[in-house]
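The values are calculated or read from the model by the stated rules, or taken from the named source; none is laboratory data. From a predicted model like this one, the values you see are computed outputs, not experimental measurements. Glycine also receives a Cβ, built like all others from the backbone with ideal geometry; neighbour counts cover every protein chain displayed. The accessibility values were calculated without ligands, DNA or RNA, using every heavy atom of the protein model including side chains. Shrake-Rupley method; radii C 1.70, N 1.55, O 1.52, S 1.80 Å.
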Amino acid sequence: MWRSNAAKQLFGGGQLEQMLENTAVRALKQLILLHREDGPSPSRTVEWLNMCSWCSGHLHIKCPRRVFSRRSPNKLVLIPRMSLSSPGPFGLVGCSHIRVITAMEEAGIPIDLIGGTSIGSFIGALYAEERSAVRTKQRAREWAKSMNSVFETVLDLTYPITSMFSGSAFNTSVSKVFQDKQIEDLWLPYFNVTTDITASAMRVHKDGSLWRYVRASMTLSGYLPPLCDPKDGNLLMDGGYTNNLPADIARTMGAKTVVAIDVGSQDETDLCNYGDSLSGWWLLWKRLNPWTQKVKVPDMAEIQSHLAYVLCVRQLEVVKLSSYCEYIRPPIDHFKTMDFGKFNEIYDEEKSLRHRNSPPQE
């Protein structure tokens with residue numbers, strides 16, 4: 001990251017700072033942070049943003065060494081007058097399917113903005129940090145494998161007043177992936193969506209602790225307790241309850257075309273009519289006894305997934321019909337919400353996307 005003394009003087013209340021603050025309020029003013037190609041990943045971005053009250057956004061850009069040659073303060077002042085484009089034109093949301101990202105990379109389609117809800121927030125954060133479909137796949141597979149541990153799952157069981165699990169094991173698994181990374185430090189502009197049950201509202205997170213907001217966006221009711229927002233203490237849950245496919249949010253953030261990947265539950269009409277009450281013991285017997293007729297009744301995870309989908313289905317239809325959205329529905333309806341252990345099967349299933357859906361061309 002460029003940390004020259006001249007730049008610090010200019011941003012610390014000098015002529016550049018005054019010029020930017022006097023610019024029209026509606027003007028797009030972004031902080032461009034330059035990084036060496038062979039340097040470390042971004043860090044402590046929030047310190048720069050706190051110093052720049054005029055800033056409406058920021059971008060991290062890798063540059064060749066010649067860009068970092070010594071310049072005089074007078075030449076630095078000219079930099080803001082250059083024409084810098086805003087994030088876009090392509091945004092990707094609901095990016096829980098890595099093969100779609102791979103296809104976009106192979107087609108040469110740049111992903112300028114990425115965001116998501118639930119598992120899409122997790123995969124999106126990985127790609128925003130790596131900018132590589134290969135590395136995203138590797139890290140996602142490692143995490144999915146760790147989530148398949150029966151021993152850790154049993155240890156995290158708790159008395160089910162708020163949830164079946166305490167959330168400690170899940171927190172550890174997500175925090176190991178992202179560590180202390182802040183959303184501001186990601187290479188790509190990123191956001192995720194949660195449901196604030198304290199304020200009964202949708203929340204969009206563009207800054208702050210990455211692992212915490214990813215975990216909050218993946219918090220299914222009944223399984224995990226709501227995560228307390230570190231900023232205001234409000235209780236956050238899965239964003240799918242309010243916005244399962246946030247293409248509209250990506251649009252407001254500057255994306256001209258949004259590729260939206262929908263993995264929400266589809267309506268099922270062939271469920272068993274079991275009457276006015278339902279015994280779990282009866283269901284268990286039906287499932288274990290090979291000589292009885294099988295019945296189709298949704299389990300708790302499937303019910304939660306359906307509820308999330310039903311609550312935002314109207315918003316989803318609006319997005320699907322919009323002129324800016326390229327809608328894709330992968331063939332994954334036979335997989336369940338909690339099928340973390342089937343990562344390879346789900347990934348291989350996406351091969352059909354190459355034949356059924358093609359990413360938009362520039």
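Given a 1.4 Å probe and heavy atoms of the protein chains only, how would you sort SER163, SER146, largest accessible area at the top?
Result of the area sort, largest leading: SER146, SER163.
If ligands, DNA and RNA are left out, what is the accessible area of LYS231 with a 1.4 Å probe, given in Å² to the nearest 10?
120
For a 31 Å ceiling on Cα separation, which of these pairs sit above it: LYS29/LYS176; LYS137/LYS181; LYS176/LYS296; LYS145/LYS320; LYS176/LYS320?
LYS29/LYS176; LYS176/LYS296; LYS145/LYS320; LYS176/LYS320
Put ASP207, ASP112 in order of accessible area, largest first, 1.4 Å probe: what do you get?
In descending accessible area the options line up as ASP207, ASP112.
Starting from region 165-219, pick out the trypsin sites (Lys or Arg not before Pro) whose DSSP state is loop and whose Cβ has at most 15 other Cβ atoms within 10 Å.
Passing sites in region 165-219 are LYS206.
Applying the Karplus parametrisation 6.51 cos²θ - 1.76 cosθ + 1.60 with θ = phi - 60° to the phi angles of region 28-39, what ³J(HN,Hα) value in whole Hz is obtained for each residue in order, glycine and proline being reported as x?
7, 10, 10, 8, 9, 9, 8, 10, 5, 4, 9, x
Give the carbon-plus-sulfur fraction of the accessible surface of region 241-330 in %, rounded to a whole number; probe 1.4 Å, heavy atoms of protein chains only.
Of all accessible area on region 241-330, carbon and sulfur atoms account for 57 percent.
Can you pull the percent of region 143-210's accessible area that's carbon plus sulfur, 1.4 Å probe, other chains left in place?
That share works out to 57 percent.
Kindly report, to the nearest 10 Å², the accessible surface of ARG141 as traced by a 1.4 Å probe over protein heavy atoms only.
90
What base-10 log of the normalised intensity I(q)/I(0) is obtained for region 147-302 from the Debye formula, alpha carbons as equal point scatterers, at q = 0.08 Å⁻¹?
Computed log10 I(q)/I(0) values: -0.33.
Order ILE303, ILE328, most accessible first, counting only protein heavy atoms with a 1.4 angstrom probe.
ILE303, ILE328
What is the local net charge at LYS286, summed over the other residues whose Cβ is closer than 15 Å to its Cβ (Lys, Arg +1; Asp, Glu -1)?
+2
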